[in-house]
Every structure is written in structure tokens, then in C-alpha cells.
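Working notes, structure below.
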Amino acid sequence: VRTKQPIITIENFLFIYYSSKYGLKDMVMVEVSSVIERINSFAENSVEVEIFRRIIRNEVDEKFYWMVQSLKQGFKAKLETYYREKVKKNALKTDIDAFANSKVNGSLNRKEADYLITASYPGKDQQKILASFEEYFAINCNNDNELDYLAFTDFVLKHELDLHLKYVSHVSQFFVDTDNDKNGVITRKEFLNLMDVFAQRNVSSNFETMLEQADPTNGGSITFSRVIEVLGSNFADREKKTNLIQFLNSV
């Protein structure tokens with residue numbers, strides 16, 4: 001957006017990247033197919049790769065990937081707080097860093113894992129995820145009654161992915177149904193078809209402004225990630241803080 005360049009999908013970017021690298025159509029197709037095949041293979045063992053796979057399939061928006069990265073990075077800071085609060089109040093920074101690094105590169109006991117969850121989730125969400133985590137920990141912990149840190153992050157990211165898929169499911173289905181040529185983008189006219197849904201239900205929104213947000217370069221191609229961003233930032237009910245995606249989920 002900053003460079004005023006047309007917005008493209010990640011899959012299209014792969015084709016552009018390998019075209020500039022090889023310049024041969026056959027080589028480009030082989031490399032892109034190989035990358036997507038490896039993504040599908042690794043997705044079975046990693047929630048992060050699964051998220052990336054779903055981004056390419058227009059089932060998850062790109063900003064969600066960075067949201068879960070931020071969540072992961074916050075765990076280390078919370079481990080540092082845990083050490084100061086629960087282990088050694090007057091600890092040196094070197095001790096705190098060493099503890100956090102050992103956990104990130106090793107495993108967590110139940111108290112440490114529960115602390116990260118309670119520090120990351122409020123109220124009812126916290127109780128739900130803790131109840132689910134209890135069974136997960138019992139199944140996946142090692143002989144020392146500890147859980148591998150990567151297994152812990154996979155659990156949390158899977159929880160986030162499941163919630164997000166429910167959140168964007170109606171928009172995703174509309175996008176897939178509308179993208180007739182399956183090239184990963186829709187036109188301005190097709191985007192306005194979705195706006196008709198809100199107009200028919202008397203949702204008061206500035207659809208012209210939303211169209212400009214969806215296609216700021218006027219390139220005529222709107223990605224799924226851009227649709228989610230636009231609908232998520234515009235409201236069907238400002239007083240109740242209900243955005244347009246939540247409104248779609250309620251009708």
C-alpha cells in the first residue's frame with residue numbers, strides 16, 4: 001500500500017519470485033508446486049505451517065499469522081515475569097534471561113504452562129482453554145511431568161486458529177464462491193456484491209470508503225486478506241462494537 005503497488009496474494013508472489021529467479025515457465029511451475037507440496041506436508045506437524053497453508057487457500061488472512069507471532073513472542077516476556085514473581089524476586093537480568101531461554105528451548109512444568117495461559121487470556125476464555133489444556137498436558141507431558149515448549153505453543157496456536165476459522169468462515173465461503181476463476185482475488189464489482197448483503201439488512205456503512213480501503217491502488221484486484229481487514233475495521237454497530245464480520249456470523 002505504501003508503494004502504491006497492486007496487492008497480490010502469497011501464491012502470486014511465489015510465481016513472481018521464481019519468474020525473476022529463473023525466467024523459465026517450466027522451472028517456475030516446478031518450484032512453486034514443490035513449495036506448496038512441502039507446505040502441505042509440514043502442515044500436518046506444525047500449526048504455524050498449517051496457518052500459512054490456509055492463507056494460500058484464502059481461509060485465513062495474513063494479519064492473523066503476525067498476530068500469533070506476537071502471541072508467541074509475548075510468552076518469553078511472561079516467562080521472565082514468572083521468574084521474578086514466582087522464583088526469585090530480586091533476580092539478576094542474566095538469571096532471568098537464562099531461565100526464559102532454557103524454557104523456550106526446552107520444556108515447561110504445569111505451573112509454568114498454566115501461568116502463561118492465565119497471563120494471556122482473560123475471564124471465560126481463560127477457563128475454557130485451561131480446561132482443554134489439562135487433558136492435552138496429561139497426554140503429551142514427558143516422564144518428568146513437563147511439556148515440550150514447542151508442543152505448548154502448538155496447543156495455543158491451534159486454539160487461536162480454531163477460533164479464527166470460526167470468525168472468518170462466512171467471509172471465506174463468500175470469497176471462494178465469488179472467486180470464479182480461482183486466482184485468489186476478486187474484482188471491485190464482486191466486492192460490492194458482499195456490500196449488498198449489508199445494504200439489504202440496513203447496515204449503515206460508507207461502502208464507497210470501504211471499496212477504496214479494499215482496493216486503494218484502483219487495480220481491480222482485492223485479496224481475501226484485504227477483505228478481512230476492511231470488514232474487521234468497519235462496524236455494523238459501533239455502540240456494541242460489532243464489526244461487519246461479526247454481523248455476518250450473526251445472520
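Side notes on the structure shown:
- Screening ARG2, ARG53 for residues that are part of a loop (DSSP other than H, G, I, E, B) and farther than 15 Å from ASP154 by Cα leaves exactly one candidate, ARG2.
- Residues of the range 214-249 classified as among the small types (Gly, Ala, Ser), touching a strand residue (DSSP E or B) at 6+ places or on another chain (Cβ under 8 Å) and in a helix (DSSP H, G or I), total: 3
- Yes/no for ASN40 being free of Cβ contacts under 8 Å to residues at least 24 places away in the same chain and outside any helix (DSSP H, G or I): no
- Within the range 30-57, considering residues that are of a type in the set (Val, Ile, Thr) and within 19 Å of the chain's Cα centre (by Cα), the one surrounded by the most Cβ atoms within 10 Å (Cβ to Cβ): ILE51
- Test: residue in the range 199-213 that is open to solvent by less than 40 Å² (accessible area, probe 1.4 Å), touching a strand residue (DSSP E or B) at 6+ places or on another chain (Cβ under 7 Å) and not in a loop (DSSP other than H, G, I, E, B): no
- Matching residues in the range 107-160 - criterion: being modelled with pLDDT of 95 or more, over 14 Å from LYS78 (Cβ atoms) and of a type in the set (Lys, Arg): ARG110, LYS158
- Sole exception among (1) over 21 Å from ARG53 (Cβ atoms); (2) part of a helix (DSSP H, G or I); (3) open to solvent by less than 50 Å² (accessible area, probe 1.4 Å) for THR118, by number: (3)
- Flag for ASP181 being over 15 Å from GLY232 (Cα atoms), open to solvent by 40 Å² or more (accessible area, probe 1.4 Å) and not in a loop (DSSP other than H, G, I, E, B): no
- In the range 1-29, residue farthest from GLN213 (Cα to Cα) [restricted to those that are open to solvent by 90 Å² or more (accessible area, probe 1.4 Å) and of a type in the set (Val, Ile, Thr)]: ILE16
- The range 131-148, subset among the acidic types (Asp, Glu) and either in a loop (DSSP other than H, G, I, E, B) or under 8 Å from SER107 (Cβ atoms) (or both), residue most open to solvent (accessible area, probe 1.4 Å): ASP144
- Test: residue in the range 87-103 that is open to solvent by less than 50 Å² (accessible area, probe 1.4 Å), assigned to a strand (DSSP E or B) and either farther than 26 Å from ASP179 by Cβ or out of contact with any Phe, Trp or Tyr (no Cβ under 8 Å at 6 or more places or on another chain) (or both): no
The values are calculated or read from the model by the stated rules, or taken from the named source; none is laboratory data. Bear in mind the structure is a predicted one, so any value in this text is a computation, not a measurement. So basically every Cβ, Gly included, is an ideal-geometry build from the backbone, and we count neighbours across all protein chains shown. What goes into the accessible areas is simple: the full protein's heavy atoms, side chains included, and nothing from ligands, DNA or RNA. Shrake-Rupley method; radii C 1.70, N 1.55, O 1.52, S 1.80 Å.
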